[in-house]
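K.L.:
A single structure is presented below for examination.
The values are calculated or read from the model by the stated rules, or taken from the named source; none is laboratory data. Note that this is a predicted model, so its numbers are computed, not measured. Heads up, the Cβs are rebuilt from the backbone with ideal geometry, glycines too, and the neighbour counts pull from every protein chain shown. Surface areas here come from the heavy atoms of the whole protein model, side chains and all, with no ligands, DNA or RNA. Shrake-Rupley method; radii C 1.70, N 1.55, O 1.52, S 1.80 Å.
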Amino acid sequence: MSQARPGSAEIPIQITINGERRCVELQPWTTLLDLLRHDLALTGTKKGCDHGQCGACTVLIDGRRINSCLQLAVMQDGKAITTIEGIGQGSHLHPLQQAFIERDAFQCGYCTPGQICSGIALIEEGNAVTRDEIRELMSGNICRCGAYPNIVDAIQDVLVQRSGVIREAAE
Amino acid sequence: MLKNDPHIGSPRNRVDGPAKVTGAATYAAEFAATDLGHGYIVESAIARGLIRSINVAAAEAAPGVIKVFTHENRPQTAWFTYKYRDQVGPPGSPFRPLYSEEIQYSGQPIALVVATSFDAARDAAALVIVEYAEKPHLTDLSIARKDAYKPPKKRLGIAPPPDPRGDAVKAFSEAPVSVSAEYAIAPEHHNPMEPHATTVIWEGDGKITVHDKTQGVQNSQAYVASVFGLSSDNVRVVAPYVGGGFGSGLRPQHQLFLAVMASLALERSVRVELTRQQMFGHVHRPETINAVALGADADGKLVSIQHHAVAATSQFEDHQENVVNWSGMLYHAPNVDLRYELAKLDIYSPGDMRAPGAPLGLFALESAMDELAIAAKIDPIELRLRNYTDHDENDGKVFTSKELRACYREGAERFGWNKRNARPCSMRDGRELIGWGMASGVWEAGMMKTAARGVFTADGRLELSCATSDIGTGTYTILSQIGAETLGLEMEQVTVKLADSTLPASPVQGGSWTAASAGSAVMAACQDLQAQLFKLARKIDGSPFADASDDDIAFVNGRILLRTNPAKSVLLAEALAASGEEKLEAEKSASPGLIGPMRYAAYTHSAVFAEVRIDAELGQIRVTRIVNAVAAGRILNPKTARSQIIGGVVWGIGMALHEETLTDHRLGRIMNHSLAEYHVPANADIYDIDVVFVEEHDDKASPIGVKGLGEIGIVGTAAAIANAIHHATGKRLRSLPITLDKLLAA
Ligand code: FES
Ligand code: FES
């Protein structure tokens with residue numbers, strides 16, 4: 001029987017995933033992405049490179065968009081993670097999910113969960129108004145199918161809806 | 001009103017959209033299994049030679065490791081190389097993973113570590129110790145091209161260059177206007193967003209279910225059955241969602257072999273996923289060098305076309321594409337000489353990548369046409385119109401349809417081409433040089449024999465099924481549209497099942513033939529259901545159709561009704577219920593037929609217009625506007641069709657400016673094997689892309705008038721951009737990608 005390697009003791013953490021509190025024990029080197037995909041069977045978050053180069057693994061950590069492949073899972077103790085599964089399901093889609101469908105902002109769909117998480121955070125950040133700004137601030141998410149113009153359209157639709165809502169509330 | 005709002009031809013949202021935006025769509029590496037073994041591949045560090053020794057003791061002793069497979073202990077597989085052939089492979093000996101100690105390319109899989117977790121397998125893989133006996137290698141096409149050869153055996157489905165016509169050399173030397181140059185395209189890797197992966201579910205009793213990243217489930221199934229000596233009943237291959245293919249999933253890749261091998265040997269479920277780095281260890285677009293010489297009379301009428309290409313291939317296979325034949329069919333010329341040769345390198349076999357061959361050959365031809373337009377002082381569109389042809393001069397066949405003139409006209413209008421000042425460097429905006437260029441595009445409108453099944457059930461629903469794939473092309477959606485339209489149903493009443501090897505036979509999804517082929521098969525199956533339903537409806541007591549013929553009725557809103565008196569109708573479900581049957585079934589196949597392809601040549605065409613803005617000092621190039629006017633027959637769904645073309649254009653921009661696999665020839669090893677260093681276009685690289693579908697009616701290319709859209713978007717785009725760069729800067733760049741360093745040095 002082989003020996004456990006030094007440093008391989010499992011570390012317990014508590015995290016909230018899509019609103020649900022969970023206690024997990026982890027190897028120190030397990031990434032948040034592998035925790036989601038392998039251990040928790042939340043495969044909506046995608047692996048495109050495992051090196052922070054494609055954005056397919058984008059999730060929201062305490063509302064901020066982050067490449068989950070670049071995060072060690074043990075560092076998420078006490079944090080709240082939202083994955084695509086927690087964004088909207090069935091007939092309760094997030095407006096950006098609906099906009100992606102209406103605008104045909106995907107083809108194969110593999111980059112899509114990451115694009116949507118990234119887009120939602122981008123809208124919250126409030127730094128992008130123009131198409132150029134959306135393009136620039138969505139450039140961490142590669143879409144090999146080349147759905148970029150439609151992704152920008154979808155995000156713009158939600159930004160416009162939002163500003164309408166904000167204006168109504170102010171009036 | 002006899003018709004529903006027509007489904008065919010209307011923009012419809014993707015029926016697989018909800019699954020894709022919620023994360024519910026499941027890809028090859030995401031299928032669960034109990035006791036799953038995770039495989040990690042060890043790759044060769046040298047390009048050519050032998051494995052002198054491979055020591056797996058430390059790896060096998062590592063925590064969680066189940067087994068390490070190498071050429072020394074791999075299970076027996078088929079002996080003959082022909083057993084490893086697949087539907088679309090080229091002539092030669094297909095690569096056989098872990099076959100022997102021989103190394104044929106850098107990145108070749110030489111061991112598979114299987115462990116209880118992905119991390120454990122990856123860590124143990126680093127402990128495998130390999131000693132090599134290196135042999136000299138060659139990976140540099142500029143050297144290997146001196147030994148280029150005409151492929152002795154042709155690849156199925158790829159026409160070799162036609163025989164020369166007239167005397168192209170003499171005509172060229174006598175032509176008053178001529179251009180001649182060499183055009184090169186760097187090797188490219190497909191890099192679909194989803195890395196290649198296979199999850200094999202061990203079902204017991206030698207039965208396996210294989211979730212493979214593939215564009216052809218039945219191709220993978222046949223390969224697995226043949227290589228491992230299994231009956232095809234024991235191998236089911238399923239791939240409902242594929243995270244991009246672009247050709248990389250046409251042939252079975254080595255992760256399929258390795259996952260099945262390990263699963264059979266260990267009698268447990270096994271998954272093998274490639275890393276992004278390992279994705280550079282298999283199929284890619286071959287590096288290709290074109291020499292093109294055009295001669296014309298003073299009016300710009302072509303008198304001579306010579307196009308010779310040499311493309312890289314592996315030592316073990318002769319991968320072939322149509323690179324040069326386009327130059328013999330796109331324009332009229334009396335003297336034509338086309339040649340296509342290969343040169344062997346110590347690399348993995350290249351393969352089909354989005355529009356294989358066409359954007360390579362057309363980058364050369366359409367750049368040369370731009371150069372000729374300048375030499376002859378003729379507008380580039382006018383030059384193309386003067387050389388227009390209404391038949392394929394390679395084989396004398398007339399086109400099933402060709403609205404390329406309309407592409408030029410409508411594209412130019414949308415782009416504002418008439419405002420172009422023909423003089424290079426004449427359009428400047430502050431520190432940016434502006435350039436406008438154009439090019440033609442062409443791709444085959446193919447059709448392949450395909451079968452489909454339709455089942456109509458008592459609840460008024462239709463289920464369609466076919467083994468073809470949807471790799472992001474919109475196949476689920478267009479087949480739903482065809483089914484709904486034919487039987488007069490709502491889209492929601494139709495379910496489409498694809499990409500399961502147990503479904504009616506289909507070839508791989510590629511070549512832009514799926515919509516025409518699977519679409520025609522589905523149409524035929526639904527028409528058969530129409531006939532069955534009509535027959536039942538006539539038998540109902542007091543049927544309004546007692547004297548009606550096929551022409552008198554229509555399928556609308558879930559009913560059959562009399563055209564002359566729509567109030568008289570029978571619910572489809574009612575007709576079925578009255579018969580006492582629970583469901584109706586029809587399986588039909590569609591094929592191109594024999595006579596049509598002998599008489600006619602079927603192609604899609606396009607005219608691509610590009611605007612570039614180039615920083616005058618830094619040489620930074622932006623493609624700020626593309627108009628792509630496409631003639632592709634009937635458009636089933638303008639929404640998904642537009643996306644297909646946009647995707648192709650983005651690929652063309654990548655080819656023109658970004659994509660290049662760089663090899664260190666001293667090591668024979670790829671240097672930029674990551675998405676940080678192999679650049680694909682990002683969102684900020686893509687500005688306006690305007691897609692125009694020109695009216696084109698075609699009743700010969702396929703039974704449903706469809707020509708296909710997967711490839712045409714990329715063809716011509718890189719050439720249009722290179723021509724725009726010349727217009728902006730006066731510099732002619734003949735080597736793709738056109739990076740800043742090349743532009744500044746020119
Ligand atoms: S998988 Fe995390 S950025 Fe690519
Ligand atoms: S939809 Fe395929 S990679 Fe974006």
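K.L.:
Give the peptides B:239-245, B:609-615 in descending order of average Cβ contacts within 10 Å, highest first. It would help to have the intermediate numbers written out before the result.
P.N.:
On the way: B:239-245: 26.4, B:609-615: 24.9.
Final packing ranking: B:239-245, B:609-615.
K.L.:
Heads up, I need the accessible area for A:Cys108: 1.4 angstrom probe, whole protein in place, Å², nearest 10.
P.N.:
0 Å²
K.L.:
Kindly provide the chymotrypsin sites (Phe, Trp or Tyr not before Pro) of region A:15-107 that DSSP labels as loop, not H, G, I, E or B, and whose Cβ sees at most 14 other Cβ atoms within 10 Å.
P.N.:
Working: sites: A:Trp29, A:Phe100, A:Phe106; in loops: A:Trp29, A:Phe106.
Passing sites in region A:15-107 are A:Trp29.
K.L.:
Angle check, please: helix A:112-125 long axis (alpha carbons) against the longest principal axis of chain A (alpha carbons), in degrees 0 to 90, nearest 10.
P.N.:
Result, in degrees: 70.
K.L.:
Taking the Cα centre of region B:209-280 as origin and charging only Cβ (+1 Lys, Arg; -1 Asp, Glu), how large is the dipole, in debye to the nearest 20?
P.N.:
On the way: 6 positive and 4 negative charges, 35 e Å.
That gives a dipole near 160 debye.
K.L.:
To continue, here is another question. Please name which of B:Asn234, B:Ser480, B:Leu662 has its Cα lying farthest along the dipole of the protein assembly as shown towards the positive end, using unit charges on Cβ (Lys, Arg +1; Asp, Glu -1) and the Cα centre as origin.
P.N.:
B:Leu662
K.L.:
So, one more: Using only protein heavy atoms and a 1.4 Å probe, report how much of B:Asp86 is accessible, in Å² to the nearest 10.
P.N.:
20 Å²
K.L.:
Next question, about the same structure. On the full set of protein chains, 1.4 Å probe, figure out the accessible area of B:Ser231 and give it in Å² to the nearest 10.
P.N.:
We get 60 Å² for B:Ser231.
K.L.:
What part of the accessible area of the protein assembly as shown, given as a whole %, is carbon or sulfur when the probe is 1.4 angstrom? Mind dumping the intermediate values first?
P.N.:
On the way: 16920 of 33810 Å².
Of the solvent-accessible surface of the protein assembly as shown, carbon and sulfur hold 50 percent.
K.L.:
Next question. With a cut-off of 8 Å between alpha carbons and a minimum separation of six or more residues, what is the relative contact order of chain B in percent?
P.N.:
Details: 1915 pairs, mean separation 125.5, N = 746.
RCO, chain B: 17 percent.
K.L.:
Put +1 on the Cβ of each Lys and Arg and -1 on the Cβ of each Asp and Glu in region A:95-163; which of A:Leu96, A:Gln156, A:Gly114 then has its Cα farthest toward the positive end of the dipole?
P.N.:
Projecting each Cα onto the dipole axis, the largest value belongs to A:Gly114.
K.L.:
Looking at the square roots a ≥ b ≥ c of the eigenvalues of the Cα gyration tensor of chain B, which shape do they give, rounded for a/c under 1.5, prolate if a/b is larger than b/c, or oblate? Each step should come with its number before you reach the end.
P.N.:
On the way: a/c = 1.87, a/b = 1.05, b/c = 1.78.
Oblate is the answer for chain B, as a/c is 1.5 or above yet b/c matches or exceeds a/b.
K.L.:
How large is the dipole of the protein assembly as shown about the Cα centre if only Lys and Arg carry +1 and Asp and Glu carry -1, each at its Cβ, rounded to the nearest 20 debye?
P.N.:
Working: 88 positive and 107 negative charges, 203 e Å.
Result for the protein assembly as shown is approximately 980 debye, rounded to the nearest 20.
K.L.:
Go through B:713-719, B:597-603, B:402-408 and give me the packing order, highest mean Cβ count within 10 Å leading. Don't skip to the end; give the middle numbers.
P.N.:
Working: B:713-719: 32.9, B:597-603: 17.4, B:402-408: 22.7.
Packing order, densest peptide first, comes out as B:713-719, B:402-408, B:597-603.
K.L.:
Among the lysines, which have Cα under 18 Å from the Cα of B:Lys170 when same-chain residues fewer than 8 positions away are ignored?
P.N.:
Within the straight-line cut-off, B:Lys170 pairs with B:Lys301.
K.L.:
Provide a whole-number value for the mean count of partner chain Cβ atoms within 10 Å of the Cβ atoms in peptide A:147-153. Please list the in-between numbers first.
P.N.:
On the way: counts 7, 11, 12, 6, 2, 3, 0.
Whole-number average of other-chain Cβ neighbours for A:147-153 is 6.
K.L.:
A follow-up question, please. When the solvent-accessible surface of protein heavy atoms is calculated with a 1.4 angstrom probe, in what order do B:Met448, A:Met75 fall, highest first?
P.N.:
Details: B:Met448 70, A:Met75 110 Å².
So, going from the largest accessible area down, we get A:Met75, B:Met448.
K.L.:
About the Cα centre of region B:680-746, what is the dipole size in debye to 20, counting +1 per Lys and Arg Cβ and -1 per Asp and Glu Cβ, all else neutral?
P.N.:
Details: 6 positive and 9 negative charges, 108 e Å.
It works out to roughly 520 debye.
K.L.:
For the protein assembly as shown, what does -39500 (n - 2.57) per DSSP helix run (n ≥ 4), summed and divided by total residues, give at 222 nm, in deg cm²/dmol to the nearest 500? Mind dumping the intermediate values first?
P.N.:
Working: 22 runs with 236 residues, N = 917.
The helix contribution divided over the protein assembly as shown gives -7500 deg cm²/dmol.
K.L.:
Now for a separate question. Could you sort the peptides B:588-596, B:392-400 by per-residue average Cβ neighbour count (10 Å cutoff), highest mean leading? Walk me through the intermediate numbers first.
P.N.:
Numbers: B:588-596: 15.4, B:392-400: 17.0.
Highest mean packing first, the order is B:392-400, B:588-596.
K.L.:
What's the buried accessible area, both sides, between B and A using a 1.4 Å probe, rounded to 100 Å²?
P.N.:
Numbers: alone 28640 and 9600 Å², together 33810 Å².
Summing both chains' loss of accessible area gives about 4400 Å².
K.L.:
For B:Lys539 paired with B:Ser142, estimate the spin-label separation in nm (one decimal), with each label point 7 Å from Cα along the Cα-to-Cβ line.
P.N.:
Placing both labels 7 Å along Cα→Cβ, they lie 7.6 nm apart.
K.L.:
Mind checking B:641-650 for the average number of partner chain beta-carbons within 10 Å of each residue's beta-carbon? The partial results should precede the final answer.
P.N.:
Working: counts 1, 3, 10, 4, 1, 8, 9, 1, 2, 7.
Partner Cβ neighbours, averaged per residue: 5.
K.L.:
Could you work out the relative contact order of region B:190-326? I mean the mean sequence separation of Cα pairs under 8 Å and 6+ apart, divided by the number of residues, in percent.
P.N.:
Working: 213 pairs, mean separation 34.0, N = 137.
Dividing the mean separation by the residue count of region B:190-326 yields 25 percent.
K.L.:
How large is the convex hull of the Cα atoms of region A:11-85 per residue, expressed in Å³ as a whole number?
P.N.:
On the way: hull volume 5.5 nm³, N = 75.
Here the figure is 73 Å³ per residue.
K.L.:
Given H placed on each backbone N at 1.01 Å, which residues far from B:His679 in sequence or on other chains put an amide H within less than 5 Å of it?
P.N.:
Correct list: B:Glu660.
K.L.:
If you average 1/r over every pair of different alpha-carbon atoms in the protein assembly as shown and take one over that average, what Kirkwood value in Å do you get?
P.N.:
Values: mean 1/r = 0.0345 Å⁻¹.
Result for the protein assembly as shown stands at 29.0 Å.
K.L.:
Please compare each pair in B:Lys150/B:Lys497; B:Lys154/B:Lys377; B:Lys207/B:Lys449; B:Lys539/B:Lys707; B:Lys397/B:Lys731; A:Lys46/B:Lys449 to a cut-off of 32 Å on the Cα-Cα distance and tell me which ones are over it.
P.N.:
Correct reply: B:Lys150/B:Lys497; B:Lys154/B:Lys377; B:Lys539/B:Lys707; B:Lys397/B:Lys731; A:Lys46/B:Lys449.
K.L.:
Once amide H atoms are placed 1.01 Å from N in the peptide plane, what residues at a sequence separation of 5 or more from B:Val15, or on another chain, have their amide H within under 5 Å of its amide H?
P.N.:
B:Thr477
K.L.:
Inside 10 Å of the C-beta atoms of A:79-89, what's the mean count of C-beta atoms belonging to other chains?
P.N.:
Other-chain Cβ atoms within 10 Å of each residue's Cβ, averaged: 2.
K.L.:
Go through B:Ile46, B:Gly89, B:Pro109 and say which Cα lies farthest out towards the positive end of the charge dipole of region B:43-125; charges sit on Cβ, +1 for Lys and Arg, -1 for Asp and Glu.
P.N.:
Of the candidates, B:Gly89 comes out farthest on the positive side.
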